[in-house]
Amino acid sequence: MTINSKFNNSTTKEIIFQVLLHIVVFLFFTFDRNEPEIEGFKVLAFLNYAIGAFVINYLLLPKYYYRKRYLQFFLFLILLISAIISFEELVLEQIFYPNTRAVYFPGVVYSLLDVMPVILILVGFKFAWDASKKQLEVEELRTSVKESELLFLKSQINPHFLFNNLNNLYSYAIEESSKTPSIILELSAVLRYMLYDCKEKYVALPKEMEHLKNFTQLNEMQIEERGSVNFKTEHIKSGYLIAPLILSVFIENAFKHSTASQSHGIFIDVNVSLDEKGVLNFECRNSFLKLSNTQSISNGIGLQNVKKRLELLYPNAHKLHIQKEQHIYYVHLKLQLIQASL
């Protein structure tokens, strides 16, 4: 929907609302059980109040009050109310009640009590309408900012992953390793998923698990004979959605922890399971040596981004626990997944 269509739709709704509101207020204002007929004075008096409310709603409020020019607003409001009362006393009552109500002025307080209820109702509903409209605009802006932030965070994942694996591929190519074609194929499959298959906010859980497996196999080539990698999934089934490229960050960190600090004895264990309530349990354990630069790795851009994405996508629906103890780096993430709509 374009901006113009949204504006036209909102304007049409407001016009309909204002027409219905004026009809209801007019009926209440003119209703009298003792005199079922509508008096001409009340019709013109209500028209006088309605014009005054229109000026307040569409001139004084947007031009002065909403721009915080309160002094001008209240000054013009006093002048407008004075004009409404004067028109009723000096014109309408002189025409309809020349020998009764027009003979004397009842006072400012009585006149205000006669005029203000209708005006307050009409202006109050307009003020509430504008406040509701402004709240919707704020919510749309928040959603837009949130989506933009998520896109930015996701865009940082792909280059980060690509740079790391291109360095590995370069090393294999220099050595003319027989594994180079396999690495290229694995890298192509993973990048295809990152660039094309996970553009949506959420993806099918089995599809993300397949990517996670390919991602693990690609990184496993870095270890060769220096250790072992285990990847296991349990009870993964369709019908659930997950935000893409979240779990892979933890696996990437696990490989960086281990390969950067150890020349042998590396182990990486990844276990992913889904319980009956749709809670995903992700566990990743990897070995590392404290006498390395793993501290800077654990606080890298990838981990910071995934924490931010979890806050945005799974507020009050995730629990992340990270622990370093006795040369073991342990990550446990619990996610309450959403179900796919049929």
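The values are calculated or read from the model by the stated rules, or taken from the named source; none is laboratory data. The structure presented is a predicted model; accordingly, all values stated were derived computationally and were not measured. Glycine also receives a Cβ, built like all others from the backbone with ideal geometry; neighbour counts cover every protein chain displayed.
The table that follows gives values for the structure above.
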| item | result |
| --- | --- |
| Residue check for residue 245: at pLDDT below 85 and in a loop (DSSP other than H, G, I, E, B) | yes |
| Any hit, segment 243-255, residues being more than 18 Å from residue 306 (Cβ to Cβ) and either surrounded by 15 or more Cβ atoms within 10 Å (Cβ to Cβ) or under 38 Å from the mean Cα position of the chain (by Cα) (or both) | no |
| Residue tally, condition more than 28 Å from the chain's Cα centre (by Cα) and aliphatic (A, V, I, L, M), over segment 224-242 | 2 |
| Among residues of segment 191-210, those that are of a type in the set (Asp, Glu) and either part of a loop (DSSP other than H, G, I, E, B) or not assigned by TED's automatic domain parsing to the domain that holds residue 281 (or both), counted | 1 |
| Options 79, 71, 61, 113: the member that is of a type in the set (A, V, I, L, M), closer than 26 Å to residue 28 by Cβ and over 32 Å from the mean Cα position of the chain (by Cα) | 113 |
| Qualifying residue in segment 278-298 (condition: of a type outside the set (S, T, N, Q), modelled with pLDDT of 90 or more and assigned to a loop (DSSP other than H, G, I, E, B)) | yes |
| Residues (among the hydroxyl-bearing types (Ser, Thr, Tyr) and surrounded by 14 or more Cβ atoms within 10 Å (Cβ to Cβ)) located in segment 106-129 | 111 |
| Of residues in segment 224-239 being crowded, with 18+ Cβ neighbours inside 10 Å and touching a Phe, Trp or Tyr at 6+ places or on another chain (Cβ under 9 Å), the one modelled with the lowest pLDDT | 227 |
| Any chance residue 217 is touching a helix residue (DSSP H, G or I) at 6+ places or on another chain (Cβ under 8 Å), in the same structural domain as residue 183 (by TED's automatic domain parsing), modelled with pLDDT under 90 and surrounded by fewer than 19 Cβ atoms within 10 Å (Cβ to Cβ) | yes |
| Residue check, residue 144 at pLDDT below 60 and more than 30 Å from residue 188 (Cβ to Cβ) | yes |
